[in-house]
Amino acid sequence: MKRNVSLDEISDGRLYTENDMVKAGCNECQGCFSCCQGMGDSIILDPLDVCRLTQGLGCDFQALLDSHLELGVVDGIILPHLKMAGTEEKCCFLNEEGRCSIHSFRPGICRLFPLGRYYENGSFQYFLQKNECKKTNRTKVKVSKWVDTPDIGRNREFVTAWHYFLNECEEMCQASEDESFCRNLNLYILNLFFIRPYESVETFYEEFTERLRRAKKDMGC
Ligand code: SF4
Ligand code: SF4
């Protein structure tokens, strides 16, 4: 999701790599679940998130849409996001003890928080959102440890490829004067990257790379 705010307004003014230390550690949240409620449609999922969720819960994408997810439009592209439910607008995966019930396969944005990604020149770095986490005595932690994602180099390649692919799709939609083009493109992306099941989390990156290659060929980009 593109945000029209300056980095200086929302961050500590620094950019971080996976090897840097960042003041994000919140001592396992200790009873706080502030960032698991009232998040609206902002916890947007990528294909790896959906692969992890369908494998972790043993269900398909449609079952997730019937329960824990919703579809929304992000910069012209239809993408799934976590559903906030009830009067308190809590994430559907938050349990009665205020803990994440899917911690080991939680989405990438949940792994990052309160970090964000800043994309530039075909890559990205991390930034620390200064007013988002409610804990005030946060400790320093290595970014790679905080993000808690196996094979982080490969994950970086995937995250980057997905981000710039969506950018290209968005530009194609904006440039097209044919309304049905965007509708069909969105259906194509949903089908190829989200609805069609992935074999396993272990083979996800290979499967994604093949699907991306096919999409780019079909779209001529
Ligand atoms: S998936 Fe887990 S960590 Fe993410 S918002 Fe929901 S309860 Fe919180
Ligand atoms: S706001 Fe900070 S302390 Fe609270 S749940 Fe989120 S990351 Fe944990």
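Observations on the structure shown:
- Segment 25-138 holds helices (runs of 4 or more DSSP H) entirely within its bounds, and those carrying 1 or more residues that are buried (at least 20 other Cβ atoms within 10 Å of the Cβ) and within 14 Å of the chain's Cα centre (by Cα) map to 47-57, 108-112.
- Hits in segment 60-89 - residues which are within 15 Å of ligand 1 (Cβ to nearest atom) and under 20 Å from ARG196 (Cβ atoms): LEU64, SER67, HIS68, LEU69, GLU70, PRO80, HIS81
Conditions tested, residue by residue: (1) closer than 21 Å to PHE105 by Cβ; (2) touching a strand residue (DSSP E or B) at 6+ places or on another chain (Cβ under 6 Å).
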| position | (1), (2) |
| --- | --- |
| CYS133 | no, no |
| THR139 | no, yes |
| TRP162 | yes, no |
| ASN167 | no, no |
| CYS173 | no, no |
| ASP178 | no, no |
| LEU187 | no, no |
| GLU210 | no, no |
| ALA215 | no, no |
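- All positions within segment 1-49 that are away from ligand 2 (no atom under 16 Å from the Cβ), farther than 15 Å from ASP148 by Cα and touching a residue at least 12 places away in the same chain (Cβ under 8 Å): MET1, LYS2, LEU7, ARG14, LEU15, TYR16, ASP41, ILE44, LEU45, ASP46, PRO47
Here, each number is a calculation from the coordinates, and none is a lab measurement. Since the model is a prediction, treat every value here as computed from it, not as a measurement. Cβ: placed from backbone, ideal geometry, glycine included. Neighbour counts: every protein chain shown.
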